[in-house]
1. Is it the case that some residue within the stretch 89-109 is loosely packed, with under 11 Cβ neighbours inside 10 Å and touching a strand residue (DSSP E or B) at 6+ places or on another chain (Cβ under 8 Å)?
2. Could you name every one of the helices (runs of 4 or more DSSP H) located completely within the stretch 7-84 that has at least 1 residues being surrounded by 10 or more Cβ atoms within 10 Å (Cβ to Cβ) and modelled with pLDDT under 85?
3. Restricting attention to the stretch 110-125, which residues are touching a His at 6+ places or on another chain (Cβ under 7 Å) and open to solvent by 70 Å² or more (accessible area, probe 1.4 Å)?
Amino acid sequence: MALQVHRASGLKQHNKKHNKLGHKTKGQVKSLSQGRQSVLTASRKAKHELSRVERRNQVKVVRADKKEKNLQKKRKLGTESRPPFLVCVLPLTPDTDSRRVLEALKSADCHATVTHSEQNTTHIR
């Protein structure tokens, strides 16, 4: 008699293996990785978080920039070459001739436009 060799069939029952793919706690993930980093986190540059002092300094810089921008805008209200100016001529002594001072101001700029208002004020632009 020849000995027959036992062979398991292909229709054998397989029980479920222990589920290792489910939810893991941070501690479990840390212990499993044991210092290894993923390629994405290793290649990504860490974002610098600003300290309290740095945040306040950043706000100051932004505020100063806005203020400077507004000043530049106001300075451009005059002509292209110079900022606007306002002059009030008040005679402090009786011997001062305010009309002569106004004429001197008018003649200082040959391109200036002179207008007179109802309130007896003179505008030189």
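1. No; the residues of the stretch 89-109 include none that is loosely packed, with under 11 Cβ neighbours inside 10 Å and touching a strand residue (DSSP E or B) at 6+ places or on another chain (Cβ under 8 Å).
2. Working: elements: 26-33, 39-43, 52-75.
Per the criteria, 26-33, 52-75.
3. The answer is THR115, and nothing else.
The values are calculated or read from the model by the stated rules, or taken from the named source; none is laboratory data. These numbers come from a predicted model, not from an experiment. Cβ coordinates were reconstructed from backbone atoms using ideal geometry, including for glycine residues, and neighbour counts include every protein chain displayed. Surface areas here come from the heavy atoms of the whole protein model, side chains and all, with no ligands, DNA or RNA. Shrake-Rupley method; radii C 1.70, N 1.55, O 1.52, S 1.80 Å.
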